[in-house]
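The values are calculated or read from the model by the stated rules, or taken from the named source; none is laboratory data. Note that the coordinates shown come from a computational prediction; the quantities given were computed from them, not determined experimentally. When we count neighbours, we look across all protein chains shown, and the Cβ atoms used for this are built from the backbone with ideal geometry, even at glycine. Note: accessible area is taken over every heavy atom of the protein model, side chains too, but ligands, DNA and RNA are not part of it. Shrake-Rupley method; radii C 1.70, N 1.55, O 1.52, S 1.80 Å.
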Amino acid sequence: HIYGFVNDINAGTDQVLCTGDQATLNGQGSGYWFTSGDGSFDDPSYPNAIYYPGIGDVMAGSVQLEFGGYIYNNFNYEVCWRNDYLNLTIGTPATANAGFDQSISQPNTTLTGNNPSPGIGLWTLVSGGGAITTPTAPTSGITALITGTNVFQWTISNGTCPPSTSTVAIIRDQ
């Protein structure tokens, strides 16, 4: 008859990483880590092990990790094997490209940023003057440019990796 468990197994919460990062795990209990992918652990017997995603994990965009071990009752007898899982989602960093600098004579032009996939893009005015017509579109119009140098920044964010930024200068002659 089982009177109570002394320990239990818990893999912790799912995590989101950026390519090139490792996961610091937060398992609970006494057990071992296993992976469905091709990455490695610094010490698979340590609940707070570090997992280094492999190339296959990165290419797949995710990997499932299992933390498993025997649980014991309050008489220190092995009762059964238990396991718990967590999912690592691995994001790909985006690279922003705001396009080529322009030298124009009219007050309007079009910005030519790259496609923000996988993520979202946002144009902002860094210096000078001008109105961005569609701030989240890679190819947004610009109106009311002032004479001189106007600098705009294209930022791509995807929620898992640090944002990427690029600037472009629009020089308006008189």
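Out of (1) more than 30 Å from D21 (Cβ to Cβ); (2) of a type outside the set (V, I, T); (3) in contact with a helix residue (DSSP H, G or I) (Cβ under 8 Å, 6 or more places away or on another chain), what's the single condition that is false for L125? Result: L125 passes all but (3).
Evaluate the range 79-91: report whether one residue or more is touching a Ser or Thr at 6+ places or on another chain (Cβ under 8 Å) and farther than 30 Å from P47 by Cβ. Checked the range 79-91: no residue is touching a Ser or Thr at 6+ places or on another chain (Cβ under 8 Å) and farther than 30 Å from P47 by Cβ. Tell me, yes or no, whether the range 69-78 has at least one residue that is part of a strand (DSSP E or B) and modelled with pLDDT of 95 or more. Within the range 69-78 (the criterion being part of a strand (DSSP E or B) and modelled with pLDDT of 95 or more), the answer is no, since none of the residues qualifies.
Listed here are the strands (runs of 3 or more DSSP E) enclosed by the range 96-151 that have at least 2 residues being open to solvent by 30 Å² or more (accessible area, probe 1.4 Å) and either among the polar types (S, T, N, Q) or farther than 14 Å from T167 by Cβ (or both): 102-104, 120-127. A Cβ distance below 6 Å, combined with a sequence gap of six or more or placement on separate chains, defines the contacts here; from the range 94-113, residues that are more than 17 Å from G130 (Cα to Cα) and at pLDDT below 95 reach residues that are of a type outside the set (G, A, S) and not in a loop (DSSP other than H, G, I, E, B) in the pairs A94/I156.
Contact map, the range 45-65: residues that are within 20 Å of Y32 (Cα to Cα) paired with residues that are open to solvent by less than 30 Å² (accessible area, probe 1.4 Å) and in a helix (DSSP H, G or I), Cβ distance under 8 Å, separation 6+ or inter-chain. Pairs shown: V63/D57.
Does I2 satisfy the criteria of being aliphatic (A, V, I, L, M), crowded, with 18+ Cβ neighbours inside 10 Å, modelled with pLDDT under 95 and more than 21 Å from the chain's Cα centre (by Cα)? Before you say what the answer is, go through the steps one by one.
Numbers: aliphatic (A, V, I, L, M): yes; crowded, with 18+ Cβ neighbours inside 10 Å: no; modelled with pLDDT under 95: yes; more than 21 Å from the chain's Cα centre (by Cα): yes.
In short, no.
When the residues of the range 83-95 are filtered to those that are open to solvent by less than 80 Å² (accessible area, probe 1.4 Å) and either part of a loop (DSSP other than H, G, I, E, B) or not polar (S, T, N, Q) (or both), the one that is nearest to S164 (Cα to Cα) is A94. For the range 32-60, which residues satisfy the criterion of being small (G, A, S) and either surrounded by fewer than 14 Cβ atoms within 10 Å (Cβ to Cβ) or farther than 22 Å from I71 by Cβ (or both)? Result: S36, G37, G39, S40, S45, G54, G56, A60.
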